[in-house]
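Here the structure is laid out as structure tokens; the discussion comes afterwards.
Here, each number is a calculation from the coordinates, and none is a lab measurement. Computed from a predicted structure; not experimentally measured. We place every Cβ from the backbone using ideal geometry, glycine too, and count neighbours over all the protein chains shown.
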Amino acid sequence: MDSQVPRHIGIIMDGNGRWARRQSRPASFGHRAGVRAIKRVLQACEDLGVHALSIYAFSTENWARPRAEVRALMRLFHETMQREVDEMHRRGVRILVSGRRDELSPKMRHRIEEAMARTANNKNGILNVCLNYGGRAEIVDAARRLIRDGVPPERVDEAAISQRMYQPDLPDPDLIIRTAGEHRVSNFLLWQGAYAEMLVSETLWPDFGEDDLRTALTEYATRVRRFGARPAHEVMVS
């Protein structure tokens, strides 16, 4: 793979509600348009050589939204999972779902488990859906696994924690994009995104497409990833 193309992109999909309000439509109208944007961007990732895409679909904080909106979102997630899994499988895309699945309905958990099992051996790409997900919650859950596994304090290191995250085999994101002009990480991939490049797009998520992704990848290609270090030629010696 071209080193200038990120292996893994995370996207904070923002702007569905604003997109709907601009058209005097309910939030659910924007969320359905957002699903179409996911399909476009997943195809663009495949075309451009990006192997893994993580999308922030529903956060642990989103339960505080109006009850009707939450119900509509859960219904949409279930319908989309049911409708799209055959197409994802045909294209060789592996579906992962990250988050506290035990807090979802039994019907939703069954649909998720079915989709993940059906696509488990696919190799053409990865779609990681962050559903009932929070970066802090994920770190807390990893800490609980460390305790349950009986890991002594002196054996706790970054590798031990990483191995107990929701998707330990998924490479860390190289690039995180947030749409709709917002400049917040919003509890998304806090551990894995420690050294990710950040990019903000002014485009509302339902309007985001291949051209926007290409623009982001062009910007990414200009970045020098330092991972906390500094190139030797920039070091001033007195």
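The order of the peptides 111-121, 145-155 by mean Cβ neighbours within 10 Å, most packed first, is 111-121, 145-155. For the range 1-120, a Kirkwood radius taken over Cα pairs fed into Stokes-Einstein (10 °C, viscosity 1.306 mPa s) yields D = 102 µm²/s. Pick from VAL224, VAL185, VAL97 the residue whose mean-square fluctuation is largest in a GNM of the chain, springs joining Cα atoms under 10 Å. Greatest mean-square fluctuation among the candidates belongs to VAL224.
Charged side chains reduced to their Cβ positions (Lys and Arg at +1, Asp and Glu at -1) give the chain a dipole of some 860 debye around its Cα centre.
The alpha-carbon positions of the chain define a convex hull whose volume is 157 Å³ per residue. Inter-label distance, ARG90 to GLU202: 3.8 nm, where each label sits 7 Å from its Cα along the C-beta direction.
Under a model in which nothing but the beta-carbon of Lys, Arg (+1) and Asp, Glu (-1) is charged, the range 145-195 shows a dipole of about 240 debye around its Cα centre. Sequence-distant contacts, meaning Cα pairs under 8 Å at least 6 residues apart, place the relative contact order of the chain at 28 percent.
In terms of the mean number of neighbouring beta-carbon atoms within 10 Å, the peptides 49-59, 8-18, 188-198 order highest first as 8-18, 49-59, 188-198. Measuring max minus min along each principal axis, the C-alpha atoms of the range 146-216 give extents of 48, 20, 19 Å (largest first). Of the two radii for the range 1-57, the radius of gyration is 1.10 times the Kirkwood radius, both from the alpha carbons; that is the Rg over Rh value. Taking the centroid of alpha carbons for each part, the range 18-69 and the range 163-202 are 16 Å apart. Would you please classify the overall shape of the range 96-152 from the alpha carbon gyration tensor, given that a ≥ b ≥ c denote the square roots of the eigenvalues, rounded means a/c under 1.5, and beyond that prolate means a/b larger than b/c while oblate covers the rest? It is prolate, given that a/c is not under 1.5 and a/b is the larger ratio. For the range 86-188, the Kirkwood hydrodynamic radius comes to 15.6 Å, computed from all pairs of different C-alpha atoms.
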